[in-house]
Each structure stands twice: as structure tokens, then as C-alpha cells.
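Student: Dropping the structure in here first, questions after.
The values are calculated or read from the model by the stated rules, or taken from the named source; none is laboratory data. Note that this is a predicted model, so its numbers are computed, not measured. Glycine also receives a Cβ, built like all others from the backbone with ideal geometry; neighbour counts cover every protein chain displayed.
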Amino acid sequence: MNILLLGYGKMGKIIGEIAESRGHHISGKINIDNRGDLDTLDSSKIDVAIEFSQPDAAFENISWAISKGIPVVSGTTGWLDKKQDIDDLTVKNATAFFYASNFSVGVNIFFKVNKFLAGLMKDQEDYKISLEEVHHTEKKDAPSGTAITLAEGIIGQIDRVQDWKLSDNGEVPSGSLPITAKRIDPAPGTHIIRYQSEIDDIEITHTAHSRKGFALGAVLVSEWIKEKKGVLSMDDFLSF
Ligand SMILES: NC(=O)c1ccc[n+]([C@@H]2O[C@H](COP(=O)([O-])OP(=O)(O)OC[C@H]3O[C@@H](n4cnc5c(N)ncnc54)[C@H](O)[C@@H]3O)[C@@H](O)[C@H]2O)c1
Ligand SMILES: O=C(O)C1=N[C@H](C(=O)O)CCC1
């Protein structure tokens, strides 16, 4: 496959290496300083664009590719207030758009465990619920996209939690789920969900040891999406 990398930072580089090791060709490596190269690129020769850039660039990158009919796999976090516009553009251009806040298989298992645990805890009002995420200091958004997906999983199961709020000390108004975001190098991504009561605590943790799981997931989805159309997610890709 011919793959265009929209964003060639920490993630773009690992994605490129894994894609080449699986026999794919990288047609372009686009960063903030060579974005003009897109004007001369032959879009008909690109099978899929993989977009890992930054929150304020994602919408423009994705729109550019979708408007040319190129299927896009995106993992950039922090821009989802505009996702509906991308979904509409995808349908209008009869192409495919795949978004995941986290492409690692382990985290997607963790998403399911989180929802299951939240379902068990929904009537256990003595437990205080909180979420913590830890990432490297170059991360531009907080909380992480993964933490937001986890929070939404809890909010969907537990009526006494209606929204989430970023909080340094865990203190939030009643009805809100506190998310604490820590920035410590070189953390590739750790997420902890805590249920704490006077009697006992329950904690579940996912710790990424490197970025490999995120990058491999994005390449596997790109191979899968080639013949697909529409707005897709991990629920379409994974069989669990
Ligand atoms: N979904 C996942 O599994 C997952 C995993 C890791 C990271 N991420 C997300 O992916 C994004 C990238 O992470 P990273 O660690 O590679 O960041 P990074 O800062 O290392 O790289 C981002 C790159 O985007 C480039 N860029 C900026 N503006 C651009 C533009 N207009 N067009 C093209 N490129 C542009 C920058 O030059 C930079 O090289 C972040 O939003 C991060 O949260 C998602
Ligand atoms: O390094 C990052 O940045 C990461 N971003 C994603 C998020 O915001 O959830 C996934 C984990 C790593």
C-alpha cells in the first residue's frame, strides 16, 4: 500500500517504520514545515493517509485528505469538537474515516474492562471515583483522549456521574468525575481508574511501555480500511 503520513513526529516516525517493515511504501512525510508538499502530491496514488499531528492541525489535515477521496486513519487527540464535520465530509466524498483515541489492543481491552467495572459499581454509592492519566511533557492536550474515552465509559454506566472535570487535586463538584493529568517524562501513557471507599479500594491500570502498540494498531487498521467506506471506529475493527 502507498501510505501518506500526515504528521511525522514521535508517532509518525514509528508508524512509518512499522509500515515499511510490513512491506508498505511511504508516499509522503508531512510536517508543519513541509505542508506545501501536499500541493504537488498525486493523491490518486495514495491508498490511505495516517494522521497523527497535533490538536490544532488535525481538522485541516483530515479535511484535505477526505476531500481528495483518500481514506484517513487518525489518532490525533484534542480536536473532536469538529468530528461531526469530518464525518459529514466523509459521507459526501464516499470515502472512509477511522478515528480512535487509542489504537493499542491492550487499551481497547481496558476500555471494555472499564465499562464492565463501572456497571458493577453503578449502585455502590460509597465509592469515590477518580481517573488519573500520566504522559510525557511534550503532550499538548490534557486530559488525554484515552482518559476522555474512559470517562465517557464510566458516565455511560453510572447515573450519579454526569460529566468529567480536569482537577489537580481530585476535588470537583458532586456529579463530576475528576481527571488528574500528570506530565512526567518519558511516560508513553498510563491510565488509572480508582474506586475508593472507607472500607477498601479497587483500582485498574493500563501502562503502555512504549508507543509500539499505538503505532502497530494504526498500521493494522490502515491495512483493514483500504476497501471500506464510511465512518468507522475500533468497534468495527476489533472482534471483541
Ligand atoms: N490514538 C492513539 O493511539 C495515539 C497514540 C499516541 C499519540 N496520539 C496523538 O497523536 C498526536 C501526535 O502525537 P506525537 O507524539 O507524534 O506528537 P509530536 O509532537 O511528536 O508530532 C506531531 C507532529 O505533527 C506535526 N504537525 C504540526 N502541525 C502540522 C500540520 N499542520 N500538518 C502536518 N503536520 C503537522 C509536527 O511538525 C510534529 O512533527 C497527538 O495528538 C497525540 O495525542 C494518539
Ligand atoms: O503521547 C500521546 O500524546 C498519547 N496520546 C493519546 C491520548 O491522548 O490518549 C494516546 C496515548 C499517548
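Student: Could you check A218 against (1) of a type in the set (A, V, I, L, M); (2) in a helix (DSSP H, G or I); (3) within 25 Å of M121 (Cβ to Cβ) and say which number it fails?
Tutor: Exception for A218: condition (3).
Student: Oh, and also: What number of residues within the range 190-219 are within 16 Å of ligand 2 (Cβ to nearest atom) and surrounded by 16 or more Cβ atoms within 10 Å (Cβ to Cβ)?
Tutor: So the count comes out to 14.
Student: Kindly indicate the residue of the range 221-235 that is more than 15 Å from the chain's Cα centre (by Cα) and part of a helix (DSSP H, G or I) and also surrounded by the most Cβ atoms within 10 Å (Cβ to Cβ) among those meeting that condition.
Tutor: Ranking the candidates gives I225 first.
Student: Within the range 97-125, can you find the residues that are among the small types (G, A, S) and more than 15 Å from ligand 2 (Cβ to nearest atom)?
Tutor: Passing the criteria: A118, G119.
Student: Now a separate question. Suppose we filter E133, E171 for residues that are within 16 Å of ligand 2 (Cβ to nearest atom) and not small (G, A, S); which single one remains?
Tutor: Unique residue meeting the criteria: E133.
Student: Quick one: in the range 124-147, of everything that is assigned to a loop (DSSP other than H, G, I, E, B) and of a type in the set (S, T, N, Q), which residue is farthest from ligand 1 (Cβ to nearest atom)?
Tutor: Q124
Student: Quick one: in the range 136-152, which of the residues that are among the small types (G, A, S) and within 7 Å of ligand 2 (Cβ to nearest atom) is surrounded by the fewest Cβ atoms within 10 Å (Cβ to Cβ)?
Tutor: G145
Student: List pairs: first in the range 65-94 and over 14 Å from G230 (Cβ atoms) and at pLDDT 95 or above, second β-branched (V, I, T) and part of a helix (DSSP H, G or I), Cβ under 6 Å, 6+ apart or cross-chain?
Tutor: Pairs found: S74/I62.
Listed here are the residues, each with its yes/no results for (1) under 23 Å from L6 (Cα atoms); (2) in contact with a Cys (Cβ under 8 Å, 6 or more places away or on another chain); (3) not assigned by TED's automatic domain parsing to the domain that holds G9.
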{"position": "S74", "(1), (2), (3)": "yes, no, no"}
{"position": "L89", "(1), (2), (3)": "yes, no, no"}
{"position": "F97", "(1), (2), (3)": "yes, no, no"}
{"position": "D141", "(1), (2), (3)": "yes, no, yes"}
{"position": "G145", "(1), (2), (3)": "yes, no, yes"}
{"position": "D163", "(1), (2), (3)": "no, no, yes"}
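Student: Restricting the search to the range 89-111, which residues are in a loop (DSSP other than H, G, I, E, B) and under 15 Å from E51 (Cα atoms)?
Tutor: Within the range 89-111, A100, S101, N102, F103 meet the criteria.
Student: On to the next question. Give K112, K10 a once-over and let me know the one that is within 11 Å of ligand 1 (Cβ to nearest atom) and among the basic types (K, R).
Tutor: K10
Student: Would you mind stating whether K82 is in contact with a helix residue (DSSP H, G or I) (Cβ under 7 Å, 6 or more places away or on another chain), within 11 Å of ligand 1 (Cβ to nearest atom) and not β-branched (V, I, T)?
Tutor: no
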